[in-house]
Each structure stands twice: as C-alpha cells, then as structure tokens.
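Structure record follows, encoded as structure tokens.
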Amino acid sequence: MLSVRFWGVRGSIPCPGPDTVLFGGNTACVEIRADDRLLIVDLGTGIRPLGDWLMANDFRTKGRISADIFVTHTHWDHVLGFPMFTPVYVKGTELRITGPVSFENENLKDIIQNQFSYRYWPVRAGELAANIEYNQIKETLLDLGGGLTVASKFLNHPVFCLGYRFNYKGKSIAVVFDHEPFRNLFSNDPADEGYNEELAKEGEIAAAEENEKIRNFICGADIVIHDAQYSEEEYATHIGWGHASMTHAVLSITGADVKKLVFFHHDPTHTDSQLEQFEKIYKTNMANIFMAKEGMILEA
C-alpha cells in the first residue's frame with residue numbers, strides 16, 4: 001500500500017491561530033508509507049508533531065526509527081522544523097536525507113546542520129544521537145529496493161528545487177512543491193523597446209517545453225500534491241516568486257490521467273474559511289480535488 005499523511009501544509013512561514021485551526025498552520029512536511037517503509041518529504045515545522053507520533057508508535061513497536069527524507073529545497077519553511085524532530089536525539093535512529101545539489105559554498109549537509117549551531121540552537125550537530133547520511137542529487141531515478149523507486153525533477157523556483165515521484169507496486173505519488181509555470185522571459189509586445197520577434201518565439205517554445213516536462217513527470221500519478229499558494233488574481237501580482245495558482249495546478253493535471261489532486265503550500269494569509277471556499281469552487285468541476293489539511297490521509 002502507498003499512502004500519504006499531511007503534517008504541515010503551509011508555505012512561507014508558520015501561521016498558528018484561530019483562523020488556521022481547520023487546515024493547520026505548520027509548514028511543509030508529509031509522511032509517505034510504502035507498506036512498512038517510512039518516507040518523509042521536507043523538514044518544515046510539521047515534522048515536530050510527526051516526530052512525536054513516530055516516537056509514540058513506530059519507536060514503541062519497532063524499537064527504532066528508520067526513514068528516507070527527501071528535501072525539496074532549503075528555504076526556511078522547508079527545513080526549520082528539523083531541530084525539533086525528536087528522533088534525531090534518540091540513539092539508533094537512522095535517517096537518509098536526500099536533496100538537490102547546490103552550487104553555493106555550502107552543500108546540503110552544511111546548510112541543514114548549520115541550524116544546529118549555538119547561534120541558532122542549543123544542541124550542536126555533533127551531539128545528535130541519530131545516524132544521518134546526506135545525499136545530493138540532480139534529476140535522476142533512485143532505486144530504494146523492494147520495488148520502491150523515486151524520480152526527481154527540477155522545478156521552477158528561485159533556488160534549486162526538486163519535485164519527487166514515489167513509485168511502488170504500480171502506484172505513485174508525485175510532489176510538486178514550490179513551483180510556478182515556466183513562462184516566456186522575452187517580451188511579446190512589438191511596441192516594447194528591445195522587442196525581438198525571434199527571441200520572443202524561442203522564449204515561448206522553451207517555456208512550453210519545460211511545462212511539458214513537468215506534465216510528463218506527473219502524468220498517470222495516483223496522487224499529485226501541487227503548489228497552489230495563490231488564487232488566480234493573487235498570482236498575477238506574484239509572478240516570479242516561485243509559487244503557482246490553484247488554477248494552474250488544475251490545468252497541470254487536466255488530461256494527464258491523475259487520480260487525485262491536492263492543493264498544497266497554502267498562503268499564510270489564507271484563513272480556514274477562505275480555503276474551504278476555494279475547495280468548494282474547484283470541486284464543483286473536479287471532484288477529485290482536495291485541499292491539504294493537517295492529519296489528512298490519502299491512499300494511492
């Protein structure tokens with residue numbers, strides 16, 4: 001069985017309070033189960049309650065925690081919960097953390113472990129009890145054994161960011177966090193100074209090709225969890241920020257044989273009542289749309 005549980009569904013910053021109780025205010029973290037295999041996507045603040053749940057359940061029955069963690073990218077809202085992940089302080093915990101390559105001076109390991117320095121946190125990385133391995137990847141296909149594979153795909157975001165597709169026994173879950181549609185970066189307006197017809201055409205072709213690659217990546221997936229931070233009106237004023245509209249998320253799966261679409265990475269300003277209304281509007285035309293909610297479990 002392949003399933004997903006949501007522990008953190010917000011983007012940008014945690015937003016606890018009376019207006020976010022229903023859908024939750026923690027940042028990105030989802031738990032994927034491939035039978036008894038534990039997979040975690042992102043280390044946002046949702047990983048804190050996940051860690052507590054694992055200690056009360058997996059640790060109690062198995063005596064240890066073993067997980068493959070896939071980091072989409074290292075922006076704060078996707079990593080800042082890791083120091084509060086209880087299993088890292090427990091001897092016997094084994095974590096294999098995979099994330100995108102970086103062309104900066106610091107690698108994935110350095111970026112994550114920097115949180116465990118005295119300027120940010122009272123426990124240093126060298127004092128953690130867990131055995132942690134780090135692996136930096138580009139676009140690839142990983143074989144985790146037992147029929148479980150993970151494909152990765154670069155997304156459109158201001159920093160290197162990977163989408164992941166988990167495939168297991170004929171079922172698949174694709175995560176497309178922090179992504180907006182590729183667009184032509186050259187002007188299409190002949191009245192603009194510097195307009196170049198050839199460049200404009202090449203820009204349109206390039207954008208279409210990249211968007212088609214994303215479509216192929218999610219095509220046929222049982223569940224697609226897609227960035228849907230903005231309404232269409234909001235997106236018009238946030239182009240280039242690296243996040244998509246709900247309408248784009250729907251368009252991305254139209255005709256792609258996707259069984260379930262989950263709106264994810266909710267804007268911190270969106271209240272429970274707003275998210276309920278958005279979900280109602282989109283469900284009118286497509287019943288297999290879900291608004292990500294903390295605690296929600298879906299089976300592929």
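The values are calculated or read from the model by the stated rules, or taken from the named source; none is laboratory data. This one's a predicted model, so the numbers in the text were calculated from it and none came from an experiment. FYI the Cβ positions are ideal-geometry reconstructions off the backbone, even for glycines, and counts take in every protein chain you see.
Filter the range 91-125 down to the residues that are without any contact (Cβ under 8 Å) to a residue 60 or more places away in the chain and of a type in the set (Gly, Ala, Ser) and list them by number.
If the condition is that a residue be without any contact (Cβ under 8 Å) to a residue 60 or more places away in the chain and of a type in the set (Gly, Ala, Ser), then 92, 102, 117, 125 are the ones that fit.
For the condition crowded, with 16+ Cβ neighbours inside 10 Å, of a type in the set (A, V, I, L, M) and more than 26 Å from residue 169 (Cα to Cα), what is the one hit in 9, 21, 41, 4?
Selected residue: 9, the only one of 9, 21, 41, 4 that is crowded, with 16+ Cβ neighbours inside 10 Å, of a type in the set (A, V, I, L, M) and more than 26 Å from residue 169 (Cα to Cα).
Could you check the range 60-88 and list, in sequence order, the residues that are under 16 Å from residue 26 (Cα atoms) and not β-branched (Val, Ile, Thr)?
Listed by number, the residues that qualify are 75, 76, 77, 78, 80, 81, 82, 83, 84, 85.
Among the residues of the range 50-76, count how many are aliphatic (A, V, I, L, M) and over 18 Å from the mean Cα position of the chain (by Cα).
Matching residues across the range 50-76 total 4.
Name the single residue, out of those in the range 173-212 being closer than 30 Å to residue 3 by Cβ and part of a helix (DSSP H, G or I), that is modelled with the highest pLDDT.
It comes out as 212.
Kindly evaluate residue 65 against the criterion of being of a type in the set (A, V, I, L, M), farther than 20 Å from residue 263 by Cα and touching a Pro at 6+ places or on another chain (Cβ under 6 Å).
Judged against the criteria, residue 65 is a match.
I'd like to check something: does the range 41-49 contain any residue that is more than 18 Å from residue 291 (Cβ to Cβ), over 15 Å from the mean Cα position of the chain (by Cα) and at pLDDT 95 or above?
Within the range 41-49, one or more residues are more than 18 Å from residue 291 (Cβ to Cβ), over 15 Å from the mean Cα position of the chain (by Cα) and at pLDDT 95 or above.
Determine the pairs where a residue that is under 16 Å from residue 32 (Cβ atoms) and in contact (Cβ under 8 Å) with a residue 12 or more places away in the chain, located within the range 283-299, has a partner that is surrounded by 13 or more Cβ atoms within 10 Å (Cβ to Cβ) and among the basic types (Lys, Arg) with Cβ atoms under 7 Å apart, the partner being 6 or more residues away or on another chain.
Final answer for the pair search is 290/260; 297/5; 298/260.
Hey, residue 88 hits all of (1) part of a loop (DSSP other than H, G, I, E, B); (2) without any contact (Cβ under 8 Å) to a residue 60 or more places away in the chain but one; which does it fall short on?
If we test residue 88 against (1) part of a loop (DSSP other than H, G, I, E, B); (2) without any contact (Cβ under 8 Å) to a residue 60 or more places away in the chain, just (1) comes out false.
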